[in-house]
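Scroll down for the structure; my scribbles are underneath it.
The values are calculated or read from the model by the stated rules, or taken from the named source; none is laboratory data. A quick note: this is a predicted structure, and the numbers were derived from the prediction, not measured. Heads up, the Cβs are rebuilt from the backbone with ideal geometry, glycines too, and the neighbour counts pull from every protein chain shown.
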Protein chains: 4
Amino acid sequence: MSSVFGDRIKMTIFGESHGPAIGLVIDGLPAGVELDLNAIDREMARRAPGRNELSTARNEKDAYVIESGFFAGKTTGMPLCALIHNKDQHSKDYSILQNVMRPGHGDYAGRIKYAGFNDYRGGGSFSGRLTAPLVFMGAVAKQLLKVKGIIVGAHVASVGGVCDKNFNPLGERAEVLTGLAEKVFPVLEDTMGKTMIDTIMRAKQQKNSVGGTIECMAIGIPVGLGEPYFDSVESRLAHVLFSVPAVKAVEFGKGFALAAMLGSEANDPMYMVGSEVAAKTNNNGGVLGGITNGMPLVFKVGIKPTPSIALPQATVDFAKKSDTILEIKGRHDPCIVLRAVPVIEAVTAWTILDLLLAANRSL
Amino acid sequence: MSSVFGDRIKMTIFGESHGPAIGLVIDGLPAGVELDLNAIDREMARRAPGRNELSTARNEKDAYVIESGFFAGKTTGMPLCALIHNKDQHSKDYSILQNVMRPGHGDYAGRIKYAGFNDYRGGGSFSGRLTAPLVFMGAVAKQLLKVKGIIVGAHVASVGGVCDKNFNPLGERAEVLTGLAEKVFPVLEDTMGKTMIDTIMRAKQQKNSVGGTIECMAIGIPVGLGEPYFDSVESRLAHVLFSVPAVKAVEFGKGFALAAMLGSEANDPMYMVGSEVAAKTNNNGGVLGGITNGMPLVFKVGIKPTPSIALPQATVDFAKKSDTILEIKGRHDPCIVLRAVPVIEAVTAWTILDLLLAANRSL
Amino acid sequence: MSSVFGDRIKMTIFGESHGPAIGLVIDGLPAGVELDLNAIDREMARRAPGRNELSTARNEKDAYVIESGFFAGKTTGMPLCALIHNKDQHSKDYSILQNVMRPGHGDYAGRIKYAGFNDYRGGGSFSGRLTAPLVFMGAVAKQLLKVKGIIVGAHVASVGGVCDKNFNPLGERAEVLTGLAEKVFPVLEDTMGKTMIDTIMRAKQQKNSVGGTIECMAIGIPVGLGEPYFDSVESRLAHVLFSVPAVKAVEFGKGFALAAMLGSEANDPMYMVGSEVAAKTNNNGGVLGGITNGMPLVFKVGIKPTPSIALPQATVDFAKKSDTILEIKGRHDPCIVLRAVPVIEAVTAWTILDLLLAANRSL
Amino acid sequence: MSSVFGDRIKMTIFGESHGPAIGLVIDGLPAGVELDLNAIDREMARRAPGRNELSTARNEKDAYVIESGFFAGKTTGMPLCALIHNKDQHSKDYSILQNVMRPGHGDYAGRIKYAGFNDYRGGGSFSGRLTAPLVFMGAVAKQLLKVKGIIVGAHVASVGGVCDKNFNPLGERAEVLTGLAEKVFPVLEDTMGKTMIDTIMRAKQQKNSVGGTIECMAIGIPVGLGEPYFDSVESRLAHVLFSVPAVKAVEFGKGFALAAMLGSEANDPMYMVGSEVAAKTNNNGGVLGGITNGMPLVFKVGIKPTPSIALPQATVDFAKKSDTILEIKGRHDPCIVLRAVPVIEAVTAWTILDLLLAANRSL
C-alpha cells in the first residue's frame, strides 16, 4: 500500500514537489491500447498550475515523458512509467519551512513521522503536485472507459457556500459531462460560477483561501461492479478520493441527507422498462450493497480551503521550540477546488476501470 | 481484496445470513496476547439483535467459537478463526425474495452480478449479520489499543434529523468514551436520546424506518500513523467504514462544513505546551497530510434508513418480468444506527491497530 | 501474506494440529459453479492419514463442513469457508515437546518467533495437517480446470534414491495423469513402486524415515499464463510449493540439469503443426520468459525425510537449558512423499486457476 | 503483483531493453537512511555488461538517476524512484525478431500473450536488463542489513558441469562473502574458476552458450524471520529467485539430495553453546518450518544456458507461418551465470530486509 494502490490496474506514484521529478508506474494495462496523447495533454492542462489568476503562479506545463510500456503508439502490456520533471521550483521560498510548521498542512505530522528527513520543500510528497500522475492515469483510464460507453464528468458544486445546481441523479447527457471539461470554470450554471470566481478573488485579495465541493458523475456503468464488504464501490472510491490532498468528506447519492430521511423516502423504487430494470429515483448514487445497480454513479466530495495563506498564522518553530507567527510566502492557489476537478474525475475513472477488469471472472 | 482486507492485521470474513455460520480469520495478531473473552462478549452483545424493541426480533446471541490461533488463554501468533453459527433463521420468510427485488437493498445488483446464484435468504452476504465478525475483530483490537492508551468511542449523533451534541473535538475524557458503550442508547445528551427513541418508535409504528449519523472519536493516538496518498488515515478508515452496510457518507473533522470556510478559519493553529506541540482547534479531525497529528481522531458517518420496511413499495418481479408491489415481511430494525455504533467503533479500532503496526519500521 | 495467498483466487488457511479445527476460506470463486462433493471427498481421502501401513496411524477422515459460499449445490460467488474438525488428537503424546525441540522441525524457530506462545501440540500450525485445506482448494480448482481441458497429475518420482521413470515431457495422455490418482502408490512403473514401498517399510522398521521426489505435470494449459518478473509461472508455483511442509527443492523442466548443458542442447526448437506452433523438446518445462508456452507444465519437487523419527536424536531442552536426547513417540509417516502427492497437485491446480483468471484482461 | 512485489519493502520495476529507460520504485524504506552511492555504483558495475570478454559487448554503464525519495544524502521515507536510461541500443539488430521466435526465449509466449504488441526489441521487458533495478534494490538493502550484522554473498558454484567447492554450510566468515564481490570471477577455488572461464570461452568460440549454478549464503540472520505456509522464507525467496530470467531450479540446504537421505541423516541435531542453541549440521539451509533458525541461510539456483546463440536453430516465422532457421545476431553473454551472481545476492538481500521489517510486530 502507501504509494501503490489498485487491484487489476495497480498504480505506483512517486516524487516530491521540489525534487527532480514526479511520476507514476501503471501496471496491468492491457496490451495494444492506442493512447491518444493529445487527450492526455488536455487532461494534464486542466490540472496544471499557472493557467489563470485563480491558481498558483507556479508555471509548470506538466509535460510528461513515457519511459516504458508504450511502443509504436500502443501499450505493450508491460508497466507504463511516465515522468514529469519539476521545472519551476523556487526552493528558497521554502527554507523557513524546515522548522516552522504550516497550520493545516502535513508538515508537523510528517516531520515527526519521518524524523525530519522528509523533503520539506513545497510540502515534498504531501504536495498537490503528486496529483499530476493521478490525472495521467485518469486520462488513460478515460480512453479505455469511453470504448465501453462509460463517461465520467465533474463540476464545482460549491465554493465558500456559493452553490451550483446538482447533477440530475437520473443521469446527465454525455455532452454535458464532457462539456464541463472544456469550461474554464466547470459549473452547470455559469452565473453561479461567476459568483464563485468573485468569492475566490475576494479571498485571494484578503490573503486568504476558500474551500468548496465537487460533484462527480459516471454514466454508462454496467450493473455488477464491486463487491459487498471490502471491495464495495464506495470503499474503493472513497479510498482514492481521500488520498487526494484536501478532501475531507465524501458522500454517495443523497449522502448525509439520507440520515434524516425515512425508508419510504430513501429507497429507490424500481420498475421495468421493456425487459430492463430501472429506478425512479437515485438516492443511493448508483450503488446498492456495494455494487453498481446500473443507475449513474454520483457522489460529492468536500474540499477544505487551501491551507497555505499569506495571512499571519499562529504556529510553532521546531528549531526554537517556541510559538511563532508565520506568513507564508510563495505562490498558492486561493481555492484548490477548480484544479481538483480533473483529479476527482481521474481517480474515479481509474477505479471504475479497475473494478470493470476485476468483475470479469470468466475463465 | 473483496472479503480480505488489512495490511499488518489482515481480516477475512465470510458467511451468509441464513447459511450454517458466519465468521472471520484474523491474520497478523502478535503471539502471547491474553484475550479477555468477556470483553469480546460484551461488544458482541452491543451489536446483537433482539435486545429491545428498537431492534429486530431475530434472537441471536452471536455466540462465537474460536477454532484456531488461541491456546491456553493467549493468541498463538497463528491465524485466529472464530465462527458464529446462525441459529434463529426463518428462511421461509424470504422465499419471495428469490424473484422480487427489495428497493434500497443489493438484491438486484447482486442478482445480476452473481447470475442468480447468490444466497438470497436474508440478504445472504449482503446482510448486516456480516458485521458481527467485524465487531469481534474490533473487540480484539480494542484490547491491544488499550495497552497503548488508545480509546475508541462513538455515539448516535442524530436520528431522523434529531441531533445529539457533538464530541468536543479537542478530546473527550476516556470515561466519556467508554461510558457510552454501557448506555442502552449511546448519546451524550440523554434527553435528545429520548427524542430519538420516540422518532424510531414512530417510524416502526408506521411500518417505516429512519436513518441517522454516528460520530466516532479515538484519543491517545500517537503522531505519525498513516501515509500520504494511498495509505492516508482517511483513505484506510473510509475504506472499511464504507464496507459497513448502510453507510453512505463519511467526513473527518468539520468535513463538509470546511468547504464553506476560509483558510484562516479552517486551519488549526499550533502552539507549544512545554516541549509538546498542540493545536487550538481540531477542524481537521486529527489527520493532516493523511497522517495523525496527535489531536483526537474524530469523524462522522451518515447511515441511511433501514431499506427493509413493511410499507408497500414499488419494485420488480424477475420471474414475471413485471412491476409489482412488495410488502416486506419478517423482522427488521426500524433504525440500524443504534446497532451500527459498535460496528463503527470496531472497524476504527482495527484500522488504528493496523496503522500502528505498520508505522513501526525499525529493523 | 502469511496465511493468505493468491491473486484472483485468494485463499486463507488456519488451524492447529490439535486445536478444535483447521480450515480455509476461498475468495474469488465465480458464482454458479456446481461442486462435485464426491470428487472433493476422493481428493481428501488421498491425503488423509491412517489409510495404510505407509502412513501415520492417526485416523482422521478429514470430513469437512462447508460453512458459507455454497447454496443449492452451487457456489454463491461469496467466500467459501470449509472447516475440518480435528478428531483423533492424542495431545498428551506431545507434552514433552513444550520444551524439547525436535530436530528437523520448526519447533525451535517457532518457539523463538512466537515467544513460546505457539501451540506446540503436534506441531501446531506447522503441522502437515494444514495441507488438508490445500487439498480441498485443489479439488475445487481441478473441477474448474477440467472444464477448460486442463488436467493435473503427479507421481512419486523417487523414494530414498529409488527412481520411477519420468513423465514424457512432451505430454502424457489425460488417462495416465488421472489414473495415477487411483493408485495406492502412484508411480508410472509399478515394479519401482514396489521397491519404494520396501524402502519405506525398511525405514519404518528401523524407526527411521526417508525422503523422495514428486514429479507433477499439467496438460491442456493455454499459451500466455503468467507474466515476466514477479508473476512468472515459476515464481507463483514455487511460492506455494515451498509453502508445503518438507519441500526443499523445486525445478522446472530439466531444472538443475540445464546448468550443465549447452544452449544448443537446452533450447527447445520450435516448428509449425498446421497453423499451430509446437516445440520438439520441453526442457523448459512449459514456461519461457515466465509465461506458459503451450507445452505441458512439468516440474519436480524434492521432499526431505519426515523429521519425526523414533530413533534417539541429540537436541536441546529449553526448560533445563541443556542438551538432551529425544526419542519421538506418537504416530508418524515413515515417508511423507506419498501423502504429499495430492498436495502438490492441489497447489498446482489452484495456481493455474488463479493465473487463468488473471490472464483474462478483457473489459 | 506482476511488476510489483514485496510486503514491507514493495518494489515496482519497469522498462524495456530498447525503450528510453528502465527503472524501479522502492516503497517502504525507512526515512533517514544514508545511502552510500559509491557502494550502489559498485554493485551496478558487477552486473553491467561489457566489462570483459565473458559478457555481451553491449556497453552500458547502467548509470542511474534518483528521481525521488532521496534528499540531502538520505532517504526521505517516500518512494525512491531510480531511472537507468538505455544508451547503447542497437535496435536494428532485432528487427527480424518481430516475426521469428528465438528458441529458449519468451518471444513466442509473449507474442501470444500480448497479441504482438509487446516491444520485441532485445526481448523488451523479458530482457535481463530488467535485473539492473533488482541490483539497485539489493545494493540499498545490503546497506541496511549490514547495520544489523547481516552479510549476503554468492559464488559461481558450477559452469557447464565444472564445479567450485561449496560454502561451509555452518557458515563462512564475512570476509569470504564480501571478498567474492571483488573477484572478477567469483569462486571459492580460483583454479576451478579458471576451468570455468575456459568452458565459457570454448562455448563462445563455438557460437554456443553454457549454463551453471550459483550458491548464495547469508550470515548473521536472526532466528524467527518468515512464517509457516505462504510467507515461508523459502516461498518468498523462491518467488523472487524464479523471477530472475534463466533461473530454472532452486534448492535450500542439501535440497534435492535430502530426498535420498534418511531422517537420521537429514535432521540437524541441536545443542547448547552457553545459553544459545546451535545445530551440528545445516542440511536444511537455515530454514525450518518456513522460519529462519539462526543457522546461515544457504541455497543454490540452477541457471540455464543463455538462450541467445549464434548457431543456427530451428524455429518458426510468424509472418510466413512456416518453419525457419534462425542465426541470432547481436551481442550476447556466452554464460549469464557470472552476471547473475550480484542479481541473486540482490533479491536475497531485498527479501531478507523485507522479512526483517515484517518480523517486527511490536506496537
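Looking at C:Thr315, is it in contact with a helix residue (DSSP H, G or I) (Cβ under 9 Å, 6 or more places away or on another chain), more than 22 Å from C:Leu188 (Cα to Cα) and either facing chain D (nearest Cβ under 8 Å) or among the hydrophobic types (A, V, I, L, M, F, W, C) (or both)?
On the way: in contact with a helix residue (DSSP H, G or I) (Cβ under 9 Å, 6 or more places away or on another chain): yes; more than 22 Å from C:Leu188 (Cα to Cα): yes; either facing chain D (nearest Cβ under 8 Å) or among the hydrophobic types (A, V, I, L, M, F, W, C) (or both): yes.
Yes.
Screening C:Asp27 against (1) out of contact with any helix residue (DSSP H, G or I) (no Cβ under 7 Å at 6 or more places or on another chain); (2) in contact (Cβ under 8 Å) with a residue 40 or more places away in the chain; (3) more than 7 Å from every other protein chain (Cβ to nearest Cβ); (4) of a type in the set (Asp, Glu) leaves a single unmet condition, (3).
Which residues, counting only those in the range B:222-241, are assigned to a loop (DSSP other than H, G, I, E, B), within 20 Å of A:Met11 (Cβ to Cβ) and either within 14 Å of the chain's Cα centre (by Cα) or of a type outside the set (Asp, Glu) (or both)? It would help to see each step written out before you state the result.
To start, the set of residues in the range B:222-241 that are assigned to a loop (DSSP other than H, G, I, E, B) comprises B:222-228, B:232.
Narrowing the set further to residues that are within 20 Å of A:Met11 (Cβ to Cβ) leaves B:226-228, B:232.
Once the filter is applied, which keeps residues that are assigned to a loop (DSSP other than H, G, I, E, B), within 20 Å of A:Met11 (Cβ to Cβ) and either within 14 Å of the chain's Cα centre (by Cα) or of a type outside the set (Asp, Glu) (or both), the range B:222-241 yields B:Gly226, B:Pro228, B:Ser232.
For D:Asn38, the criteria (1) in contact (Cβ under 8 Å) with a residue 60 or more places away in the chain; (2) more than 7 Å from every other protein chain (Cβ to nearest Cβ) hold in every case but one, which is (1).
Within the range C:109-136, work out how many residues are touching a Leu at 6+ places or on another chain (Cβ under 7 Å) and either within 28 Å of D:Asn284 (Cα to Cα) or surrounded by fewer than 23 Cβ atoms within 10 Å (Cβ to Cβ) (or both).
From the range C:109-136, those touching a Leu at 6+ places or on another chain (Cβ under 7 Å) are C:109, C:120, C:133, C:136; that's our starting set.
After this cut, where a residue has to be either within 28 Å of D:Asn284 (Cα to Cα) or surrounded by fewer than 23 Cβ atoms within 10 Å (Cβ to Cβ) (or both) as well, the list is C:109, C:120, C:133.
Summing the residues that are touching a Leu at 6+ places or on another chain (Cβ under 7 Å) and either within 28 Å of D:Asn284 (Cα to Cα) or surrounded by fewer than 23 Cβ atoms within 10 Å (Cβ to Cβ) (or both) in the range C:109-136 gives 3.
Which of (1) under 27 Å from A:Asp268 (Cβ atoms); (2) within 12 Å of chain B (Cβ to nearest Cβ); (3) among the aliphatic types (A, V, I, L, M) is the odd one out, the single condition A:Val159 does not satisfy? For A:Val159, the exception is condition (1). Within the range B:75-108, the set of residues being within 14 Å of chain A (Cβ to nearest Cβ) and over 30 Å from C:Pro133 (Cβ atoms) comprises B:Leu97, B:Asn99, B:Val100, B:Met101, B:Arg102, B:Pro103, B:Gly104, B:His105, B:Asp107, B:Tyr108. Under the condition of being among the polar types (S, T, N, Q) and under 23 Å from the mean Cα position of the chain (by Cα), the residues counted in the range A:90-130 number 2. Criterion applied to B:Met217, B:Met192, B:Met201 was being touching a residue at least 12 places away in the same chain (Cβ under 8 Å), hydrophobic (A, V, I, L, M, F, W, C) and surrounded by 24 or more Cβ atoms within 10 Å (Cβ to Cβ), and the one residue passing it is B:Met217. Remark: pairs (first residue in the range D:52-68, within 12 Å of another protein chain (Cβ to nearest Cβ); second residue assigned to a loop (DSSP other than H, G, I, E, B) and at pLDDT 85 or above; Cβ separation under 6 Å; 6+ apart in sequence or on different chains) = D:Glu67/A:Pro20; D:Ser68/A:Glu16; D:Ser68/A:Gly19. Is the range C:3-21 home to any residue that is hydrophobic (A, V, I, L, M, F, W, C), more than 14 Å from chain D (Cβ to nearest Cβ) and over 30 Å from D:Ala278 (Cα atoms)? Yes, because at least one residue in the range C:3-21 is hydrophobic (A, V, I, L, M, F, W, C), more than 14 Å from chain D (Cβ to nearest Cβ) and over 30 Å from D:Ala278 (Cα atoms).
Check the range C:156-166 and report whether any residue there is under 27 Å from C:Cys81 (Cα atoms), hydrophobic (A, V, I, L, M, F, W, C) and either at pLDDT 95 or above or part of a loop (DSSP other than H, G, I, E, B) (or both). Taking every residue of the range C:156-166 in turn, none turns out to be under 27 Å from C:Cys81 (Cα atoms), hydrophobic (A, V, I, L, M, F, W, C) and either at pLDDT 95 or above or part of a loop (DSSP other than H, G, I, E, B) (or both). When A:Arg331, A:Arg361 are screened for being charged (D, E, K, R), assigned to a loop (DSSP other than H, G, I, E, B) and out of contact with any helix residue (DSSP H, G or I) (no Cβ under 7 Å at 6 or more places or on another chain), only A:Arg331 passes.
If the condition is being over 15 Å from A:Leu338 (Cβ atoms), in contact with a Ser or Thr (Cβ under 8 Å, 6 or more places away or on another chain) and not hydrophobic (A, V, I, L, M, F, W, C), then the range A:162-184 contributes only A:Pro169. Taken over the range A:30-82, the residue count meeting the criterion of being farther than 30 Å from A:Gly212 by Cβ and among the polar types (S, T, N, Q) is 3.
Quick check on this structure: which one of C:Ala346, C:Ala340, C:Ala259 is within 7 Å of chain D (Cβ to nearest Cβ) and part of a helix (DSSP H, G or I)?
Details: C:Ala346 fails: within 7 Å of chain D (Cβ to nearest Cβ); C:Ala340 fails: within 7 Å of chain D (Cβ to nearest Cβ).
On inspection, the qualifying residue turns out to be C:Ala259.
Report every pair of residues separated by at least 6 positions or lying on different chains whose Cβ atoms are under 6 Å apart, first residue within the range A:220-243 and on the phi > 0 side of the Ramachandran plot, second assigned to a loop (DSSP other than H, G, I, E, B) and aliphatic (A, V, I, L, M). If the second residue must be assigned to a loop (DSSP other than H, G, I, E, B) and aliphatic (A, V, I, L, M), the pairs left are A:Gly220/A:Ile150. Please work out if D:Phe185 is among the aromatic types (Phe, Trp, Tyr) and more than 23 Å from D:Gly253 (Cβ to Cβ). In short, yes.
Residue count for the range A:117-132, restricted to those that are facing chain B (nearest Cβ under 10 Å) and part of a loop (DSSP other than H, G, I, E, B): 2. Picking from residues in the range B:147-172 that are charged (D, E, K, R) and out of contact with any Asp or Glu (no Cβ under 7 Å at 6 or more places or on another chain), the one that is surrounded by the most Cβ atoms within 10 Å (Cβ to Cβ) is B:Glu172.
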